[in-house]
Amino acid sequence: MAISKLNAEQFSATGTEFSGIMFVYAGKENTETGLQFFGKDYTPADKTQDAVFEAVKNVIATFWAVKDKETALREGADGIRSKLRASTPSAIIIRTTDNGLVKKFDLSESVWARLGLVPTKKDLERSARDKKKAIHNAAKAIFEAMNFRVELQKEEKDESKKTAGKTEKGTPENTASKEKDLKNAA
């Protein structure tokens, strides 16, 4: 898992050839820059709600962890800053491991002015257990704000996956035939 900050030239060169979550920031003179989260933890394996939610939650958890660490380090050296921005991105693009577009959420056309990616001072003062709950709740709220619950399917609609998980043991046909075999054997 990695985070890469892209300048305008690098961002325009990426095009659609990336996987993971990309935060797009509007720059001066109609240029855009990006902040890409990629790797196993930040890239959904497929377009299901669960896979995308986990990736979004991991990004938010990273924002919280980095902000927490930055606050602690700034006590010793005030010049320390992370590359994670507190400003709201103009768009969020989510792509799967095979570069398939899950969604491009354009915040400039959204009703939401901010998404709350960076924790507040009050958030950072919580206990570790409360932080874990707060990160989950923040991810859930952001997921709802971006309307992902409505637009993404709950599970993959692949019948082979549904049948592959079942065993012979619990099916009614097998149980009835095993009982019949036991009666015939006795």
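Derivation of every value follows stated rules applied to the coordinates shown; laboratory data play no part. Since the model is a prediction, treat every value here as computed from it, not as a measurement. Note: ideal-geometry Cβ built from the backbone for every residue, glycine included; neighbour counts use all protein chains shown.
Per-structure values
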item: Most positive-pole-ward Cα, LEU35, THR96, ALA138, against dipole of segment 1-154 from beta carbon charges; result: ALA138
item: Point-charge dipole on Cβ atoms (K/R +1, D/E -1) for segment 69-143, about Cα centre, debye to 20; result: 220 debye
item: Cα centroid separation - segment 110-134 against segment 1-77, whole Å; result: 17 Å
